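Okay, so here's the structure we're looking at.
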Amino acid sequence: MNLYDLIMRRRSIRNFKDQEILEHIVEELLDAANNAPSGGNIQPISIILVQEAERRKELAEIVGDQPWVKNAPLSMVFCIDFYRIKKWASMSNVDFTGENLFSNFLIAYADLMCAAQNVVILAENYGLGSVFVGTIQANIGIARQYFMIPEYVLPMMVLSIGYPKSVPRNIPKLKRDVITHKEKYNVLSNDEIKNAFEDKYGNFDDNVEKYLEKAFIEAIEADKQQSQSWVERVKEKMKKLEIRNNAQFLFKLRYPPEVMAKINENLISAFKNAGFDFI
Ligand SMILES: Cc1cc2nc3c(=O)[nH]c(=O)nc-3n(C[C@H](O)[C@H](O)[C@H](O)COP(=O)(O)O)c2cc1C
């Protein structure tokens, strides 16, 4: 398969077979992460491997009870790591104070995601599937304690990896033209914007399960794997909040501002506790 087809075929996988990933494949995935682009080639990242059954279960809890994290044979916890750089700099009679600068953080997070995406693509090439789990960002303090992470290190992203049991097929995307601007920014009209999202999500109709496959695949997958009635709860919330369209679903129900504000608050104090002081 050529690389274009491989990238176009990739989907986030949340349903994994109970099948180990061979050690040499894990090592190659780590090589792919380690060989990713990095600003200044400073490589301010560390990756914690989670493979033991009990640890997988506990990590799944830390990231908000996402069952695929427990079921995946391997999760990689990607951390921004300024601890190693600071130590090296100080032993070399120079200061590294990137933990106080938003610019350093931003580049390090870009580095981290470049490394993680390299793993995603190589994993796909080996017939593995993966899913990013960003909700670790809501529990950075707990994750730092759990993994015994020192100061100046932030666990920022989990990538759960394994052999797919099933692959979602109805994940909508914007049309290519919507995200493309030639030579200068092309401001879309209100109608163009409305149509772009209607094309993506389709009409907001009564078939909730079908709609959730496109807009909240996690709820469908979680029900399949854990029967915690995510879908029932979403349906109830949709009724209660009188959700009438796609945008309301996303920004009133899935990512309500008060919840996002709370996460933001936690994030800021977790950064401070880890010695990052740029906010
Ligand atoms: C930064 C980031 C955070 C994500 N966090 C989660 C998560 O916490 N749980 C999850 O199941 N999927 C998570 N995902 C996966 C997205 O839900 C998924 O990429 C999106 O639905 C599009 O589907 P696709 O990857 O199949 O194209 C995350 C993806 C990214 C890039």
Computed over segment 176-260: relative contact order in percent, which uses C-alpha pairs under 8 Å that are six or more apart:
17
If I take every Cα pair under 8 Å that is 6 or more residues apart in segment 1-123, average their sequence separation and divide by the length, what percent do I get for the relative contact order?
36
What stretch of the chain, leaving out the sites themselves, is the longest with no GluC sites (Glu not before Pro) in a DSSP loop having at most 10 other Cβ atoms within 10 Å?
53-182
Met148 to Leu3: extension gain in nm, 0.36 nm per residue of separation minus the Cα-Cα distance?
48.4 nm
Can you give me the Cα centroid spacing of segment 71-105 and segment 118-197 in angstrom?
22
Filtered hits (aspartates and glutamates, Cα-Cα < 17 Å from Lys194, offset >= 8 within chain) -> Asp177, Asp205
Long-range amide H contacts for Gly129: which residues qualify at under 5 Å (H placed 1.01 Å from N, peptide plane, sequence gap of 5 or more or a different chain)?
Gly162, Tyr163
Report the chymotrypsin sites (Phe, Trp or Tyr not before Pro) located in segment 86-147 that are in a DSSP loop and have at most 15 other Cβ atoms inside 10 Å of their Cβ, or state none.
Tyr126
Select from segment 1-70 those chymotrypsin sites (Phe, Trp or Tyr not before Pro) which occupy a DSSP coil region and have at most 12 other Cβ atoms within 10 Å, ordered by residue number.
none
Compute the longest continuous run of the chain that contains no exposed trypsin sites (Lys or Arg not before Pro); treat a site as exposed when its DSSP state is not H, G, I, E or B and it has at most 12 other Cβ atoms within 10 Å.
1-168
Estimated translational D of the chain in µm²/s (Stokes, Kirkwood radius over Cα pairs; 4 °C; 1.567 mPa s)
63
Can you compute the radius of gyration and Dmax for segment 176-260, using only the Cα atoms, both in Å?
15.5, 49
If you average the sequence gap of Cα pairs under 8 Å that are 6 or more apart and divide by the length of the chain, what percent do you get for the contact order?
24
Loop-resident sites, segment 180-269, for chymotrypsin sites (Phe, Trp or Tyr not before Pro), counting at most 12 other Cβ within 10 Å (DSSP)
Tyr185
Let me know the volume per residue of the alpha-carbon convex hull for segment 1-115, in Å³.
159
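A short reminder: the numbers here are calculations on the coordinates, not readings from a lab. If you're wondering where the values come from, they're calculated on a predicted model, not measured in any experiment. We place every Cβ from the backbone using ideal geometry, glycine too, and count neighbours over all the protein chains shown.
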